[in-house]
Amino acid sequence: MNNTILLAKENQDLRATHEKQLQNKKRSRRQIETAEGFSIQEGQEFIQQRNQADEAILTIPTEQAADTEQHPQQAPPRCSDCHILGHRRTQCPQHKNS
């Protein structure tokens, strides 16, 4: 019973550590490019604009987001007997005649 409790705790700790590592990988590493630097107010405005842009991306409905993704089209099937596009070997009209 103690081993089960210890394993569950260890598993929970490993999952938490893994989640933290994933968040660190997702964190942006971009740097602000300016020659002079920002004033405090300019920096705050920049951060607010970036947060608003991130929120706008996150608020896209999943259905709309799925529509915007383009999935590659699969090539039509090719018969391995007659090598004609449009059917498979099991449905080949030449195979049935033979």
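The values are calculated or read from the model by the stated rules, or taken from the named source; none is laboratory data. Just so it is clear, the structure is predicted and the values come from calculations on it, not from any experiment. Counting neighbours? That spans all protein chains shown, and the Cβs are built from the backbone with ideal geometry, glycine included.
Summary table below
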{"quantity": "Verdict on residue 40 being at pLDDT 70 or above and under 21 Å from residue 30 (Cβ atoms)", "calculated": "yes"}
{"quantity": "Test result for residue 54, within 27 Å of residue 27 (Cα to Cα) and either modelled with pLDDT of 65 or more or surrounded by 10 or more Cβ atoms within 10 Å (Cβ to Cβ) (or both)", "calculated": "yes"}
{"quantity": "Candidates 93, 72 - the one that is surrounded by 10 or more Cβ atoms within 10 Å (Cβ to Cβ) and modelled with pLDDT of 70 or more", "calculated": "93"}
